[in-house]
Amino acid sequence: MELMRIFSYASIILSISVYLLPIMVNSIGINYGQIADNLPSPENVVPLVKSIGVTKVKLYDADPRVLGAFANSSVEFMIGLGNGDLEKMRDPNNAQDWVKQNVQAHLPDTKITCIFVGNEVLTFNDTNLSDNLVPAMQSVHTALVNLGLDKQVTVTTAHSLGILQISFPPSAGAFREDLVDILSQTLSFHQKTGSPFLINAYPFFAYKGNPKQVSLDFVLFQPNQGVIDPTTNLHYDNMLYAQIDAVYSALASLGYKKLPVHISETGWPTKGDEDEAGATLDNAKKYNGNLIKLMSQNAGTPLRPDSDLNIYVFALFNENMKPGPTSERNYGLFKPDGTPAYALGVTNNNTASGSIGNGVTMPFSPTSSSTGYLSISSATGRRKFVGHALMMASLLLIKTLV
């Protein structure tokens with residue numbers, strides 16, 4: 001039976017070379033969630049990941065089976081410490097034990113380059129979580145220093161776009177006033193340790209929440225008239241780039257203009273409930289494929305044209321045990337049997353043939369921050385709404401201009 005399974009995956013890998021190989025360009029990463037009971041073994045995932053050219057994988061824990069399977073693969077790993085571990089990680093001894101067991105034990109065979117401590121902690125509005133965030137990050141970093149690993153492994157945390165108070169125009173991007181103090185602490189940590197600022201972004205939710213007011217072409221990177229930032233006169237023809245530049249502006253307003261921003265999650269579901277507008281296979285193909293085409297151009301955003309875009313697509317597989325609406329279980333580029341959820345038309349010479357791809361996003365309604373961001377918390381299999389004020393005038397502006 002096991003031999004038959006191996007041959008089955010081998011044939012799937014070969015078919016992928018025709019169907020979507022290689023979908024990835026540059027250094028696009030992938031989120032590897034495992035909230036499912038029907039996923040292939042990590043050993044079978046390795047050739048699958050290699051077949052699509054992925055060079056970076058984001059794991060929501062430090063699963064030793066996965067890290068062991070990817071040994072000597074050259075794939076870079078970002079591993080996670082869950083929100084429930086933050087209080088424990090405040091203790092330097094606990095942090096050092098965790099790093100020894102989950103990082104040092106796998107180096108150098110498995111290329112672990114980053115640890116994200118907590119996922120979207122600040123938008124849970126839980127003071128206990130928030131109070132533990134920076135101390136936990138500091139303890140983990142100190143453990144890396146003590147073990148001589150701080151030069152090869154950075155420490156960060158992932159945020160929802162719900163931390164923004166204003167996101168349109170991008171030049172006016174600003175963080176929520178109630179989060180400025182703790183964000184300043186995390187930003188100081190990033191600057192001192194050289195780690196990136198992570199944002200989860202999902203334009204899908206902006207469209208889902210306001211399908212009559214948000215242009216579908218604008219969120220799917222399709223041809224459209226776009227919008228112009230009245231302050232900078234920069235032109236935006238897609239929501240994701242406007243979101244990213246709003247984050248850059250918010251960072252600059254606090255004195256962190258040079259801090260690198262990575263998109264730690266973005267994607268589009270292939271299926272959803274009746275009230276989940278836009279959750280279709282065709283839209284997922286367009287969103288992800290068009291994003292990959294943009295990535296292949298080796299250009300940044302309008303505000304930061306020379307900055308690298310480090311993007312992690314959500315997600316590698318559909319996850320059948322995630323709670324919530326149908327869309328939650330249908331973000332995967334692959335089905336559990338290893339077959340593609342849809343064709344990603346990108347060719348070997350890094351030019352895309354058709355509209356397909358991989359994306360990471362969170363809603364930036366060219367309005368205020370977002371229209372009820374759904375913050376992905378893949379580590380727990382939940383999404384929670386982060387309410388935000390909706391600036392209808394800006395939404396109508398996009399609908400009119402796009």
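The values are calculated or read from the model by the stated rules, or taken from the named source; none is laboratory data. Bear in mind that the values here come from a model prediction, so they are computed numbers and not experimental data. Here the Cβ is made from the backbone with ideal geometry for all residues, glycine too, and neighbour counts use every protein chain on show. Surface accessibility is based on the protein's heavy atoms, side chains included, excluding ligands, DNA and RNA. Shrake-Rupley method; radii C 1.70, N 1.55, O 1.52, S 1.80 Å.
The single residue among GLY84, GLY80, GLY33 that is touching an Asp or Glu at 6+ places or on another chain (Cβ under 6 Å), under 21 Å from HIS141 (Cα atoms), modelled with pLDDT of 80 or more and not basic (Lys, Arg) turns out to be GLY80. Filtered by the rule that a residue be farther than 25 Å from ASP229 by Cβ and either of a type outside the set (S, T, N, Q) or buried (at least 23 other Cβ atoms within 10 Å of the Cβ) (or both), segment 293-322 gives TYR312, VAL313, PHE314, ALA315, LEU316, PHE317, ASN318, GLU319, MET321, LYS322. Going by the conditions given, is GLN165 open to solvent by 20 Å² or more (accessible area, probe 1.4 Å) and in a strand (DSSP E or B)? So GLN165 fits the description; yes.
Is it fair to say ASN224 is buried (at least 20 other Cβ atoms within 10 Å of the Cβ) and either touching a residue at least 12 places away in the same chain (Cβ under 8 Å) or hydroxyl-bearing (Ser, Thr, Tyr) (or both)?
Judged against the criteria, ASN224 is not a match.
Within segment 151-161, if we keep just the residues that are open to solvent by less than 40 Å² (accessible area, probe 1.4 Å) and of a type outside the set (A, V, I, L, M), the residue that is farthest from LYS56 (Cα to Cα) turns out to be SER160.
Okay, residues lined up against (1) within 22 Å of the chain's Cα centre (by Cα); (2) modelled with pLDDT under 95; (3) closer than 19 Å to ASP282 by Cα; (4) not aromatic (Phe, Trp, Tyr):
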| position | (1), (2), (3), (4) |
| --- | --- |
| ASN224 | no, no, yes, yes |
| LEU234 | no, no, no, yes |
| ASP237 | yes, no, no, yes |
| ALA250 | yes, no, no, yes |
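In a residue-by-residue description of segment 125-133, the property of being in contact (Cβ under 8 Å) with a residue 12 or more places away in the chain, surrounded by fewer than 24 Cβ atoms within 10 Å (Cβ to Cβ) and β-branched (Val, Ile, Thr) applies to no position.
When the residues of segment 75-119 are filtered to those that are part of a helix (DSSP H, G or I) and acidic (Asp, Glu), the one that is most open to solvent (accessible area, probe 1.4 Å) is GLU87. Within segment 206-216, being within 21 Å of the chain's Cα centre (by Cα) and open to solvent by 10 Å² or more (accessible area, probe 1.4 Å) holds for TYR207, LYS208, GLY209, LEU216. Among the residues that make up segment 46-60, is at least one of them part of a helix (DSSP H, G or I), within 23 Å of HIS159 (Cα to Cα) and among the polar types (S, T, N, Q)? No, segment 46-60 has no match at all.
Under the condition of being of a type in the set (Gly, Ala, Ser) and open to solvent by 50 Å² or more (accessible area, probe 1.4 Å), the residues counted in segment 45-74 number 1. For THR232, the criteria (1) polar (S, T, N, Q); (2) crowded, with 20+ Cβ neighbours inside 10 Å; (3) farther than 24 Å from TYR60 by Cα hold in every case but one, which is (2).
For segment 323-338, the set of residues classified as part of a loop (DSSP other than H, G, I, E, B), modelled with pLDDT under 95 and open to solvent by less than 40 Å² (accessible area, probe 1.4 Å) consists of LEU333, PRO336, GLY338, listed by residue number.
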